[in-house]
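Each remark here refers to the structure printed beneath this line.
The values are calculated or read from the model by the stated rules, or taken from the named source; none is laboratory data. The shown structure was predicted, so the numbers you read here are calculated from the model rather than taken from an experiment. Cβ: placed from backbone, ideal geometry, glycine included. Neighbour counts: every protein chain shown.
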Amino acid sequence: MIEAAIKTQAAALGFVACGIARADATPRTAERLRHWLAEGAHGSMIWMEEREGHRASPAGLWSEVKSVIALGMSYAPPADPMLLAGEPRVARIASYAQGADYHDVMKKALKALARWMVAEAGGDLKVFVDTAPVMEKPLAEAAGLGWQGKHTNLVSRDHGSWLLLGAIYTTLELAPDRAGEERCGSCDACQTACPTAAFPSPFRLDARRCISYLTIESRAPIPHAFRAAIGNRVYGCDDCLAVCPWNKFAASASANRAFAQRAELAAPYVTDLLALDDAAFRQVFSGSPIKRIGRDRMVRNALIVAGNSGDRRLVDQVVGLLDDADPVVRGAAVWALGRLDVERALAEQAVRADDPDESVREEWRLLTPSVAVMPA
């Protein structure tokens, strides 16, 4: 059977999960997506609404598709991602981003599988990893890889919450697998673990409150209401994933070696991140998915972490960033300085409050004496 052969070949290429769904297997996706967008829960991710029709169903993107092959690679971390929560001198990076860029790794494997499929069974096909308007998680659930948990991410009985997803759309009529069944039960660990209360209810995410959105997708100043809760997270957040009880079945040995931690990304020092210029940023994060956010967003995030650290040794670096070319960085530096050394901040305010950018002037206006406390 071609279906079994596809799964065997997928496993040989590094995929730990592979399932098949009919192209029309997720009829509720369009409605759910429409409501989510109408609520504005996507924040500034305008591309989500601009290509809503393409995301709503596989046929909306490619009318000839008959079957979807959903695939997953494991990036199960070797240790609890929350172990560094109480280390204010280091910054936390989401586990999936501590190794090679999954876009590159998975796209290469998907293309290899696609070439094999065409040679063995013919048909037309398209491969997707994250950047295309594809709703990977409901499709993966329909293909039996797991279910969308209360944190809206896919949960696998075998691999927990640590799967990176890709998809192949094909014109072949393939026998579908049995869809995954929701097995969260009464557990609400992911909901209560969220530092910013980004889940208004189970199975719903408000991206505007999500640390992953705030530190990765959003280019704007991070709202004051969420800055303290970010703690020492500088890129993404693993909390809702890390607490999932199903992770006890997710052996790190099954993780793709390409996603193994790079030493410089496992626990980078905040002082090193604050010192980044464009050239250094590109060098440090070459081959990493982090490279796409650019130096300015990374330094903005590092300044929030610095402000939460209570480490007055960072004050001189923070002051230096008050003159940064990027206004969002300058604004974050104002806030961080106010948290670390309010007397120095008030002195700087006297000569810098007329910044040419309105958002930075607002940061100076909001500057008030405060106590820097590292959130638990």
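Brief remarks on what is shown
- On the stretch given as the range 159-194, residues that are among the aliphatic types (A, V, I, L, M), outside any strand (DSSP E or B) and either in contact with a strand residue (DSSP E or B) (Cβ under 7 Å, 6 or more places away or on another chain) or farther than 30 Å from Asp80 by Cβ (or both) total 4.
- Where helices (runs of 4 or more DSSP H) fall wholly inside the range 10-70, the ranges with 1 or more residues that are assigned by TED's automatic domain parsing to the domain that holds Met117 and farther than 26 Å from Ile222 by Cβ are 29-38, 52-56, 58-61.
- Subset of the range 269-283 (residues that are more than 17 Å from Asp104 (Cβ to Cβ) and either surrounded by 20 or more Cβ atoms within 10 Å (Cβ to Cβ) or of a type outside the set (Ser, Thr, Tyr) (or both)): Val270, Asp272, Leu273, Leu274, Ala275, Leu276, Asp277, Asp278, Ala279, Ala280, Phe281, Gln283
- The residue of the range 172-216 that is surrounded by the fewest Cβ atoms within 10 Å (Cβ to Cβ), among those that are farther than 29 Å from Ile20 by Cα and among the basic types (Lys, Arg), is Arg208.
- Residue satisfying condition, being more than 30 Å from Asn232 (Cβ to Cβ), surrounded by 21 or more Cβ atoms within 10 Å (Cβ to Cβ) and either hydroxyl-bearing (Ser, Thr, Tyr) or in contact with a helix residue (DSSP H, G or I) (Cβ under 8 Å, 6 or more places away or on another chain) (or both), within set Leu61, Leu113: Leu113
- Those residues of the range 134-148 which are part of a loop (DSSP other than H, G, I, E, B) and in contact with a Phe, Trp or Tyr (Cβ under 8 Å, 6 or more places away or on another chain), in sequence order: Val134
- Of the helices (runs of 4 or more DSSP H) entirely within the range 288-350, those holding at least 2 residues that are crowded, with 24+ Cβ neighbours inside 10 Å and not aromatic (Phe, Trp, Tyr) occupy 294-309, 327-340.
- For Arg89: the one exception among (1) surrounded by fewer than 21 Cβ atoms within 10 Å (Cβ to Cβ); (2) under 19 Å from the mean Cα position of the chain (by Cα): (2)
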